[in-house]
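A short write-up of the structure that comes next.
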Amino acid sequence: MDERKVQAATHAEAASALFDERYGQMVGFARQRLRRHGVPPSVAEPEDVVQTAFARVLARTEPIEHLRAYVFSVIGNEVRHAARRWLRSSLGTAVVDGFRRQLLINASVLVHEK
């Protein structure tokens, strides 16, 4: 086996172990962030966000030094992508400074976390 295949196998094993150990925490993190952004469960389920993040982590071929931090960053990015898709697809509501506001949006709206 060449070096890249060994690294890929080690990376996949480490990512799988992390997801097995922290799956509940990851789903809770995604759920909290989705709720904070005002994304309804009908638009993005936290389990789906975590699965998408897992696929992205596994697709990466380079070794990841701080895997846990990286995975949670990817989950946060997936939440922001879901929030943007939802906001762009409708005149939805979002949490702004703790209040729900009706948004008139255009394609350049970005969702930022506090």
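When VAL57, VAL49 are screened for being at pLDDT 95 or above, closer than 21 Å to VAL79 by Cβ and assigned to a helix (DSSP H, G or I), only VAL49 passes. Each residue in region 71-94 was checked for being in contact with a helix residue (DSSP H, G or I) (Cβ under 7 Å, 6 or more places away or on another chain) and at pLDDT 90 or above, and 8 of them qualify. Selection over region 13-29 of residues that are farther than 9 Å from PRO46 by Cα and either among the acidic types (Asp, Glu) or buried (at least 17 other Cβ atoms within 10 Å of the Cβ) (or both) gives a count of 6.
Give region 60-74 a look and list any residue that's part of a helix (DSSP H, G or I) and touching a Ser or Thr at 6+ places or on another chain (Cβ under 9 Å), or say none. VAL74 - this is the single residue of region 60-74 that is part of a helix (DSSP H, G or I) and touching a Ser or Thr at 6+ places or on another chain (Cβ under 9 Å).
Is it fair to say VAL39 is in a loop (DSSP other than H, G, I, E, B), within 21 Å of TYR23 (Cα to Cα) and touching a Lys or Arg at 6+ places or on another chain (Cβ under 8 Å)? Against the criterion (in a loop (DSSP other than H, G, I, E, B), within 21 Å of TYR23 (Cα to Cα) and touching a Lys or Arg at 6+ places or on another chain (Cβ under 8 Å)), VAL39 does not qualify. For GLN32, the conditions (1) surrounded by 13 or more Cβ atoms within 10 Å (Cβ to Cβ); (2) at pLDDT 95 or above are fulfilled apart from (1).
Mind listing whichever residues of region 60-70 are at pLDDT below 90 and surrounded by 13 or more Cβ atoms within 10 Å (Cβ to Cβ)? Residues satisfying the conditions are ARG60, ILE64.
The values are calculated or read from the model by the stated rules, or taken from the named source; none is laboratory data. What you see is a predicted model; the values in this text were computed from it and never measured. Virtual Cβ from ideal backbone geometry, glycine too; neighbours counted across all protein chains shown.
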